[in-house]
Amino acid sequence: MKPNPPIIRDRIEMPQDFPLLVSQTEGVSPLFQRLHWHDALEINYIVSGVGYILINGSRYELMQGDIVLIHSGDLHRAFDTGGLVIGVIMFDPAYLALEQRYDTELLLPFRGTGRTFDHVLDRGNPELPRLRALLEEMKDEYGRKEPHFEAVVRSQLVRFLAYANRYFVNKSREKAALARGTETIRRVLRAMEGDIAQGWTLGELAKLAHLSPSRFSALFVSIVGTSPMDYLIQLRLSRAVDLIETTELKMIDIAAECGFRNLSNFNRLFKSHIGKLPSELRV
């Protein structure tokens, strides 16, 4: 039987010779843009539209022109509430190792997010247009790929981080208590993804967190954005989609492996969340 893939940790495949990716997304799928984390550092630039993002339990409203910083290991999940278009830059932290020899705090805007830096940079800061312009230039250079574009993009990224360090530090923010809560939920999520077929109950999950069911549910919703049981269904459906698309297993076997009590319940939930019956994905 195929082992369960890691569901909530994304492995970003970076080109070895140039470990940086620039892309753009339109809208956010509520199933596949699930709560997750990854090792890459991520910069989001809101090109247009509105939405919000949950990062380590805090909710941030998004609007055109916003810049979002996401550190490796940050639990995050975005939601589209109206035509959300996001420019995305992801890169390996080791990519700027040489520059950090001369500026050891270059990556502090990521390492300090939630404490000395805000995840969403201050909209009222007069230096924000300078950072927006750098991101636009990076996107343009990366897209045209003219000779030596790698060096230009790298220099623009260094300038972005240097200006973020210079102008956007916020020393008044401390979130130690929330960080502890995030780590508690992270442990529960590992248990859930490690055995999605387990008949988890709210009480069992709350016990893993050493909290009462009501306190656990409130903490889980604040960090993940949905209730524990709703999120478990999303994990199971994500796994089911993978098995449908990559194996020849019968639907009843897929339903059982993913923790659904019976085929009719599986079909009903699949149709409700995905918009199609499971059999419709295997055409």
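The values are calculated or read from the model by the stated rules, or taken from the named source; none is laboratory data. As the structure is a computational prediction, the values presented were derived from the model and not from experiment. When we count neighbours, we look across all protein chains shown, and the Cβ atoms used for this are built from the backbone with ideal geometry, even at glycine. To get the accessible areas, we keep the full protein, side chains included, count just its heavy atoms, and leave off ligands, DNA and RNA. Shrake-Rupley method; radii C 1.70, N 1.55, O 1.52, S 1.80 Å.
State whether region 76-172 is rounded, prolate or oblate according to the following rule on the C-alpha gyration tensor (a ≥ b ≥ c being the square roots of its eigenvalues): a/c under 1.5 gives rounded; otherwise a/b larger than b/c gives prolate, and the remaining case gives oblate.
oblate
Whole number please: convex hull volume per residue of the Cα set in region 208-283, in Å³?
On the way: hull volume 7.9 nm³, N = 76.
Given the Cα convex hull of region 208-283, per-residue volume reads 104 Å³.
Can you pull the percent of the chain's accessible area that's carbon plus sulfur, 1.4 Å probe, other chains left in place?
C and S atoms contribute 53 percent here.
What does the convex hull of the Cα atoms come to per residue for region 25-146, in Å³?
It is 123 Å³ per residue.
Quote the charge dipole size of region 43-107 about the Cα centre in Debye, to the nearest 20; the model charges only the Cβ of Lys and Arg (+1) and of Asp and Glu (-1). If you can, show how the numbers build up before the last one.
Working: 3 positive and 8 negative charges, 35 e Å.
Dipole size: approximately 180 debye.
Quick check: pseudo-label points 7 Å beyond the Cα along Cα→Cβ at Gln16 and Arg261, how many nm apart are they?
Placing both labels 7 Å along Cα→Cβ, they lie 5.1 nm apart.
What label, among (i) 18.1, 67; (ii) 20.5, 61; (iii) 17.9, 60, belongs to Rg and Dmax of the Cα atoms in Å computed from the structure on display?
(ii)
Determine the dipole magnitude for the chain: charges of +1 sit on the beta-carbon of Lys and Arg, -1 on that of Asp and Glu, nothing else is charged, the reference point is the Cα centre, and the result goes in debye to the nearest 20.
Computed about the Cα centre, the dipole is about 940 debye.
In a Gaussian network model over the chain where Cα atoms closer than 10 Å are linked, find which of Asn56, Asn44, Asn267 has the largest mean-square fluctuation.
The residue with the greatest mean-square fluctuation here is Asn267.
Counting only heavy atoms of protein chains, what accessible area per residue, in Å², does region 170-283 have with a probe of 1.4 Å?
In whole numbers, region 170-283 has 52 Å² accessible per residue.
Apply the a/c threshold of 1.5 to the C-alpha gyration tensor of region 151-283 and tell me whether it is rounded, prolate or oblate.
Note, shape of region 151-283 comes out oblate.
Which GluC sites (Glu not before Pro) from region 242-283 combine a DSSP loop assignment with at most 13 other Cβ atoms within 10 Å? List each step's numbers first, then the result.
On the way: sites: Glu245, Glu248, Glu257, Glu280; in loops: Glu248.
Listed in order of number, the matching sites are Glu248.
How high is the relative contact order of the chain, in percent, with contacts defined as C-alpha pairs under 8 Å that are six or more residues apart?
17 percent.
Let me have the 222 nm mean residue ellipticity of the chain computed from DSSP H runs of 4+ only, each contributing -39500 (n - 2.57), with the sum over all residues rounded to the nearest 500.
-13500 deg cm²/dmol
Most fluctuating residue of Phe266, Phe79, Phe18 in a GNM of the chain with Cα springs under 10 Å: which is it?
Answer for the Gaussian network model of the chain: Phe18.
What dipole magnitude, in Debye to the nearest 20, does region 1-147 give about its Cα centre under +1 on Lys/Arg Cβ and -1 on Asp/Glu Cβ?
The dipole of region 1-147 has a size of about 520 debye.
Sorting check: for 108-117, 202-211, which peptide has the highest mean count of neighbouring beta carbons within 10 Å, and how do the rest follow?
108-117, 202-211
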